[in-house]
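Each value in this text was obtained by applying a stated rule to the coordinates, not by laboratory testing. A quick note: this is a predicted structure, and the numbers were derived from the prediction, not measured. Cβ atoms come from the backbone with ideal geometry, glycine included; neighbour counts cover every protein chain shown.
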Amino acid sequence: MARSFNDPGQHFDPKGQRCGRERSPSAPRYDHYTIAWICALYIEMAAARAILDEIHEVRPKGFEDTNSYVLGNIKGHNIVIACLPVGQYGTNNAATVATNLKRTFPGIHIGLMVGIGGGVPSKADIRLGDVVVGTKVVQFDLGKIMGDGKFERTAIPKTPDQLLGTTIAKLRSKHEYEPSRALSILQQSLITRPDSEYNQPSTPDQLFQATYEHRSQLPNCNDCDQSRLISRGERVPKTITIHYGAIASGNQVMRHGTTRDNIARELDTICFEMEAAGLMNVLPFLPIRGICDYSDSHKTKEWQKYAAATAAAYARELIEELPMAEDQKSACSASSVWTPSSTPEDKLFNSFHNSGGGVMNVNTGSGTQNNNNGGGNQFSGAIHTLHLAR
Ligand SMILES: [Zn+2]
């Protein structure tokens with residue numbers, strides 16, 4: 001069986017996970033985590049986990065921090081993944097999660113909000129499964145009601161920080177002559193195994209005219225008027241298209257075609273979502289949104305998992321472009337020093353690293369490690385010993 005990224009369930013000995021009361025020598029110190037990766041939905045967190053190179057043990061944290069974390073690593077960058085509480089979304093909940101995270105992990109200096117969003121097809125040729133990268137965030141529902149009853153928006157647009165901005169520019173320059181690697185990253189990840197719900201769904205990607213409303217009693221669009229569909233050409237070649245532009249963020253779910261287009265025209269936005277505006281008040285987060293619907297009344301959940309996966313794949317591509325600071329390098333090096341032990345309680349386990357674009361073989365037995373740092377199939381042996389907590 002060939003895989004490119006680590007299987008979180010097989011990454012370290014399950015006993016090591018259960019006995020995580022002591023710090024594992026494999027786990028970096030909390031101040032050595034530099035990237036915050038926030039999700040709003042558990043399906044987004046699942047997609048995030050699936051593309052990590054490594055998953056680290058989570059050690060105890062303060063009671064005041066109510067987040068539940070997944071910790072891991074991509075290409076030497078230590079990453080903290082946190083998800084909003086089940087059933088809760090919006091800018092305020094996102095800000096709370098980010099605030100807790102930043103307090104527990106003081107080394108965080110970059111934030112990514114990775115998940116699904118609704119596209120604005122009147123502003124760009126956006127298709128379901130495409131990714132929108134928010135180079136600007138505008139809170140569309142912040143404002144005041146004026147004397148004439150009109151709503152005046154008062155939010156000030158926010159932009160990601162300098163490092164994220166320059167990294168995006170670098171990646172975009174690369175995409176000027178070669179396609180995004182998001183699709184190949186996705187295809188090599190565990191989450192797109194043959195029977196996975198995170199693969200591209202068979203439900204057709206249909207865009208209806210903005211003025212044509214879905215009848216609420218219909219469970220899907222099978223009986224919607226097909227003559228009101230907007231004709232769009234096929235995407236050739238098949239790939240994940242990345243769009244860069246402003247994102248409208250707010251606490252209201254957008255599911256109305258003409259309102260979508262009016263706000264998008266006013267604010268020059270190409271996507272709607274519900275968390276980035278809250279996060280930007282805590283840290284300069286970059287929203288990365290896989291498009292799962294068109295922010296209109298025809299929206300369904302059919303494309304959500306695939307869109308969550310495409311967003312995660314692009315996020316990985318971007319992280320791979322991030323420069324690593326000297327202190328990160330030393331932290332990464334220190335964290336990879338394993339404590340040998342011969343006591344009975346110690347377990348031998350396998351550690352898998354795949355920092356290249358090639359195929360990786362996963363071995364669930366003991367003693368062999370497969371590293372793939374290049375573009376091909378490479379196997380090199382090394383044995384690490386995890387000193388379990390007692
Ligand atoms: Zn419909």
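Rounded if a/c is under 1.5, else prolate if a/b is larger than b/c, else oblate: which is the range 58-137, with a ≥ b ≥ c the root eigenvalues of its Cα gyration tensor? Walk me through the intermediate numbers first.
Values: a/c = 2.50, a/b = 1.77, b/c = 1.42.
Prolate, because a/c is 1.5 or more and a/b exceeds b/c.
What is the range 108-183 by shape, rounded, prolate or oblate, if you read a ≥ b ≥ c off the alpha carbon gyration tensor as root eigenvalues and call it rounded for a/c under 1.5, prolate for a/b larger than b/c, and oblate otherwise? The partial results should precede the final answer.
Details: a/c = 2.74, a/b = 1.72, b/c = 1.59.
Cα axes put the range 108-183 in the prolate bin.
To the nearest 0.05, what FRET efficiency results for V58 and K150 with a Förster distance of 35 Å applied to their C-beta separation?
Working: r = 49 Å, r/R0 = 1.40.
With R0 = 35 Å, the Cβ-Cβ based efficiency is 0.10.
Calculate the length of the line joining the C-alpha centroid of the range 216-252 to that of the range 101-180, in whole Å.
Spelled out, the Cα-based centre of one part sits 19 Å from the other.
Just round it to a whole percent: the fraction of Cα-Cα distances in the range 42-101 exceeding 20 Å. Intermediate values should be presented prior to the final figure.
On the way: 505 of 1770 pairs.
Counting pairs separated by more than 20 Å, the tail of P(r) holds 29 percent.
List the relative contact order of the range 116-269 as a percent without decimals, with contacts defined as Cα pairs under 8 Å and 6+ residues apart.
After rounding, I find 40 percent.
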